[in-house]
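S.K.: One structure, as structure tokens, below. Some questions next.
The values are calculated or read from the model by the stated rules, or taken from the named source; none is laboratory data. What you are looking at is a predicted structure, and each value in this text was computed from that prediction instead of being measured. Reconstructed Cβ throughout: ideal geometry from the backbone, glycine too, with neighbour counts over all protein chains shown. Accessible surface is based on the protein model in full, side chains and every heavy atom, while ligands, DNA and RNA are left aside. Shrake-Rupley method; radii C 1.70, N 1.55, O 1.52, S 1.80 Å.
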Amino acid sequence: MKLNKQYFDLTKESNATLNDWVNYYQNSEPNFSLNKFEFKSNDTLQIIQGNIFGIFDSNFDQIYSDFLIYKNDKEKYIDFDSYSWVLNEKKEILFSPDQEINVVDIKNKTINRIAFRGPSQWVENIFWQNDSTVVLLENNHEKQPTITKINLAKKTIRTFIYQNHLTFVSEHSKWRFDKLGLKYK
């Protein structure tokens, strides 16, 4: 199905995180473009209780503080890291094959899982498009990037998939951690 601009209103310039993600891919594949994403599916968001600690919890590990994606008003944030990796004694990142994406409401002290990815698909970065829409920038074992828009207010999920398969294996996550000085194992 061709890209529906009504649902896919993203441009490189609309968000710094999206711009960095697109630029990362364009460095290896100059023809990579948001215009090459096609609508794949609509789904209903199923929210369940998350399995992580929020910043309001005494068990929250401060190592994840720099990785939280805050909403503009700072009342909520997205955590897509604390479930999927830990630091070992050498300060190297060790990954789990699974990834849980959670919305944490600081005021109400709630943690809600909005997505879950296994070893064949992973979220590379996330941003808030507006107060109710979270955008997941993803890749998979078939080297086919995906953009998932989750509208928390309407409880909808819209998925867009890249028309082509990449000619290289993405190391976007490594690049993201390297920028913060963490070792990727």
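S.K.: Among the residues of the range 64-91, how many are surrounded by fewer than 17 Cβ atoms within 10 Å (Cβ to Cβ), within 18 Å of the chain's Cα centre (by Cα) and touching a residue at least 60 places away in the same chain (Cβ under 8 Å)?
M.R.: So the count comes out to 1.
S.K.: For the range 33-73, how many residues are at pLDDT 95 or above, closer than 17 Å to Gln99 by Cα and not in a loop (DSSP other than H, G, I, E, B)?
M.R.: Qualifying residue count for the region: 3.
S.K.: Related question: For the structure I just gave you, tell me whether Leu10 is at pLDDT below 95 and closer than 16 Å to Glu138 by Cα. Break it down into steps so the answer makes sense when it comes.
M.R.: Working: at pLDDT below 95: yes; closer than 16 Å to Glu138 by Cα: yes.
Against the criterion (at pLDDT below 95 and closer than 16 Å to Glu138 by Cα), Leu10 qualifies.
S.K.: Give the residue, chosen from Asp43, Asp61, that is open to solvent by 60 Å² or more (accessible area, probe 1.4 Å), farther than 21 Å from Thr159 by Cα and charged (D, E, K, R).
M.R.: Working: Asp43 fails: farther than 21 Å from Thr159 by Cα.
Answer to the selection: Asp61.
S.K.: For the range 13-22, what are the residues that are polar (S, T, N, Q) and open to solvent by 50 Å² or more (accessible area, probe 1.4 Å)? Working first, answer last.
M.R.: First, pick out the residues of the range 13-22 that are polar (S, T, N, Q): 14-15, 17, 19.
Within the range 13-22, just Ser14 meets the criteria.
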